[in-house]
1. Work out how much length N426 to K182 would gain on full extension: take 0.36 nm times their residue separation and subtract the Cα-Cα distance, in nm to one decimal.
2. Of all DSSP beta bridges located in the chain, what percent are antiparallel, nearest 5?
3. Jot down the per residue volume, in cubic angstrom and as a whole number, of the convex hull over the alpha-carbon atoms of the range 480-553.
4. Measure off 7 Å from each Cα along the Cα-to-Cβ vector at E205 and R361, then give the distance between these two points in nanometres to one decimal.
5. What FRET efficiency do you get for D234 and R167 if R0 is 22 Å and r is their Cβ-Cβ distance, rounded to the nearest 0.05?
6. What FRET efficiency comes out for Y109 versus K197 if R0 is 35 angstrom and r is the Cβ-Cβ distance? Round to the nearest 0.05.
7. K190 label point, 7 Å along Cα→Cβ, cut-off 19 Å on backbone N: hits in the range 146-178?
8. Just subtract the alpha-carbon distance of S271 and C336 from 0.36 nm times their residue separation and send over the number in nm, one decimal.
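All of the numbers you see were taken from the coordinates with simple rules; none came from a lab. Worth saying up front: this structure is predicted, and the values here are computed from it rather than measured. Cβ atoms come from the backbone with ideal geometry, glycine included; neighbour counts cover every protein chain shown.
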Amino acid sequence: MNKTKYIFVTGGVVSSLGKGIASSSIGALLEARGLNITIQKLDPYINVDPGTMNPFQHGEVFVTDDGAETDLDLGHYERFTSLFLTKKNNLTSGQVYDSIINNERKGVYLGKTVQVIPHITDEIKRNIIEVSKDKDIAIVEIGGTVGDIESLPFLEAIRQFRLDLGRENVLYIHLTLVPYIKTADELKTKPTQHSVKELRTIGIEPSIIVCRADRVLPSDIKAKIALFCNVEPDAVITAKDEESIYDVPLSLHREGLDVKIIEYLDIWAKSPDLSEWEKISSGLKKAKHSVTIGVVGKYVNLKESYKSLNESLIHGALANETHVDIKYINSEDFECENIDAPLQELSACSGILVPGGFGSRGISGMVTAINYARTNAIPYFGICLGMQLMTVEYARNVLGLKNADSREFNGNPQDPVIDLMENQKNIGTMGGTMRLGAYPCVIKKNTLAFNIYFKNFKKSGKNTKNYVNLNSDGTISISERHRHRFEFNNAYREIFDNGDFTFSGISPDGKLIEVSELKTHPWYIGCQFHPEFKSTPLSPHPLFKEFISAALKHSRKFETKGRGSAKKSYETC
Ligand code: GLN
């Protein structure tokens, strides 16, 4: 029998209220109470997954260990909890329709008319139940805003859940907005009333209303919402704007959210141990140092595109008692005639990072920024595309391969130092076909990468998502998540192996270069994988932690010597 209890989180009034953070925080609070949980996201769009969507449209694509390209909210779920999520934790309308249509073509429905109710809704319910097997509580977040046409089948499916499993096993939490109108000096409850009304029209009666607001709601406002929305006054919870998303679990706990959940679901749970969250929250407020990191990419106008990266830099800084100021610099700015301004920006950074990306736009600007980091001894961290371009830059400017390039940007380069992976050559479709998910990698001794992982090895016990193992031959094994089609071209290994450029991380079969670095530079490293998908505030990823530490050291050098104007020893491309 299914013993799992379900919490369904819906959102109303406007989008971007932080439903993902609220769901993650509920997860964190319930885990802190010793409950075994899972979190699932239901996305109403027709795409099978967000992998084929433009980052400007959808933000970051998060990647799980099992290689699913998912909504970025899954990144929050993993960062706030101990969960390792899978493909099944992100269900889209596209996936639901895909499987129903496949079944219909196979004749599974025996000539019946295939309909939204019951076929689509049953398929949604089947998926939710499958993910939540053996869990005490499943938190299910429904994407979109109540009132959207697209989310109706999901809402209908979750409505049926309460009928199927009973009131004590199903809880609806609705997140709304309570705006403060300055001219009237009043908090407004009407949007919340309307949104709850909308939800009740389709048969869902929320028991808890979480109100996003810029201040803690006074009791009279809570009482008003309770009366009009038919909930208990202490089931109206403020989700106050917080300085950091990592303050939200504590803030919702102070409002009594977890107590109310436990009461409504009639489940026994110990009182929560929130000491780790308290440490994070105070650590963020009491940073002793500050450092500026320049992220040079092309999706810089939409920060959501670099969500995990942004968070990982914050985690790395937290581990160094540091505040990180992240400057997003558009790589295309380096492609204009006058690059003094972006160079000036770079020169104010103590660390430079080139993140993952696709397509040829903005590439030469990234190469210029990488060259600047290399020639000015500024700590550099290249992630996926950032590692590929660090290879291209080195080939062009050090190894004398002037026309070196990645085949991604130039179909037929003279020196394709980055080439299409062998098993990618015959792939014709786009969705889900890259090298995706967690793969092992062996880190060589006496390298920067080794030191980075080794230093943090002992701490990788509790709450960590970073798999690090010390091997009997003295090397280290790690497992990191990938999302790419191109790789270092092994035909160039010998030329690169010049005593400076070092391949410090290689796949266990010796075929794929996973980490590269420079011996002659204080801190210069690139990885083919995405460490940002495994960093959490409770367990910052070693690469981000050490990158921030190197940047801090670099900034201290400047504090004593004084930072000059941007040196122009870079080569323009
Ligand atoms: N576009 C490159 C590739 O497909 C890099 C991908 C990435 O940075 N995630 O290999």
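1. 81.9 nm
2. 35
3. Taking the convex hull of the Cα positions in the range 480-553, it is 97 Å³ per residue.
4. A separation of 5.0 nm, rounded to one decimal place.
5. Efficiency computed from Cβ-Cβ geometry: 0.75.
6. 0.45
7. 176-178, by backbone N distance to the label point.
8. Taking S271 through C336 to full extension adds about 17.6 nm, to one decimal.
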